[in-house]
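For reference, the structure is listed below as structure tokens.
The values are calculated or read from the model by the stated rules, or taken from the named source; none is laboratory data. Worth saying up front: this structure is predicted, and the values here are computed from it rather than measured. Reconstructed Cβ throughout: ideal geometry from the backbone, glycine too, with neighbour counts over all protein chains shown.
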Amino acid sequence: MRPPLETAALPADAIEVGRIADAWGIKGWFKVLPHSASPEALFSSKRWFLLPPDRPMKPKRPTEAAAAKSEAAAWTEPLLLRIKESKDHSDTIVATAHDINDRNAAEALRGARIFVPRSSFPTAADGEYYWVDLIGLQVLNREGVDLGQVRDLMSTGPQTVLVIEARPEVEGGKPVERMIPFVAAFVDGVDLPGKRITVDWQPDY
């Protein structure tokens, strides 16, 4: 089912921050699964932009399969979801929005990917960075050796780890992946304008 929302152009700086899991209750609330353990971007924006799932979610009943496939195919354009309230609830987030007034309307959002403009993110505290801003930065050590580019970040509980992908031509034609803890002991500095991170790390670590 196509959600009962207006279409809207996706902002040029749109970042995918989560997806809608399912309806919550009977009054139009829905569950949200954030991509980040710190979902401040979801709370700071009252305008979420939705795109359909990469592939249709499995229908709850087999008899819904044909209709779900047809409706998913028909929904391709970005939709605007105007948020009334979003809040933490147990291990997830729940939200309610204008034009989503009952459970059926909330179920129509199931599986939708949520995007918000990067410009709407709250300002990070000094020395703190959003993961999305670190992706793609070049990593060099104190000697200027190119260790690769940040491909991803992962949380190991007490700390965050940079997942670095080195260029094969730099490593003698071999793909190399490095993992560097994103902590002061190893990270000397982050230069966002210069798109680089300087670390105390050697290629053979």
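Some notes on this structure:
- Test for Lys69: is it charged (D, E, K, R), surrounded by fewer than 18 Cβ atoms within 10 Å (Cβ to Cβ) and modelled with pLDDT of 85 or more: no
- For Pro122, the conditions (1) touching a helix residue (DSSP H, G or I) at 6+ places or on another chain (Cβ under 6 Å); (2) assigned to a strand (DSSP E or B) are fulfilled apart from (2).
- Which numbered condition Val190 fails, given (1) part of a loop (DSSP other than H, G, I, E, B); (2) within 29 Å of Ser45 (Cα to Cα); (3) in contact (Cβ under 8 Å) with a residue 40 or more places away in the chain: (1)
- Checking each residue of segment 21-44 against the condition of being among the basic types (Lys, Arg), modelled with pLDDT of 75 or more and either in the same structural domain as Lys87 (by TED's automatic domain parsing) or on the phi < 0 side of the Ramachandran plot (or both) gives at least one match.
- The listed residue being surrounded by 17 or more Cβ atoms within 10 Å (Cβ to Cβ) and assigned by TED's automatic domain parsing to the domain that holds Ser44, out of Val150, Val116: Val116
- Any hit, segment 140-155, residues being outside any strand (DSSP E or B), polar (S, T, N, Q) and within 30 Å of Ser86 (Cα to Cα): no
- Test result for Ser119, under 24 Å from Leu5 (Cα atoms) and at pLDDT below 95: yes
- Residue match in segment 133-147 (condition: in contact with a Gly (Cβ under 7 Å, 6 or more places away or on another chain), at pLDDT 95 or above and surrounded by 14 or more Cβ atoms within 10 Å (Cβ to Cβ)): yes
- Qualifying residue in segment 101-114 (condition: touching a Leu at 6+ places or on another chain (Cβ under 9 Å), under 24 Å from Ser38 (Cα atoms) and not in a loop (DSSP other than H, G, I, E, B)): yes
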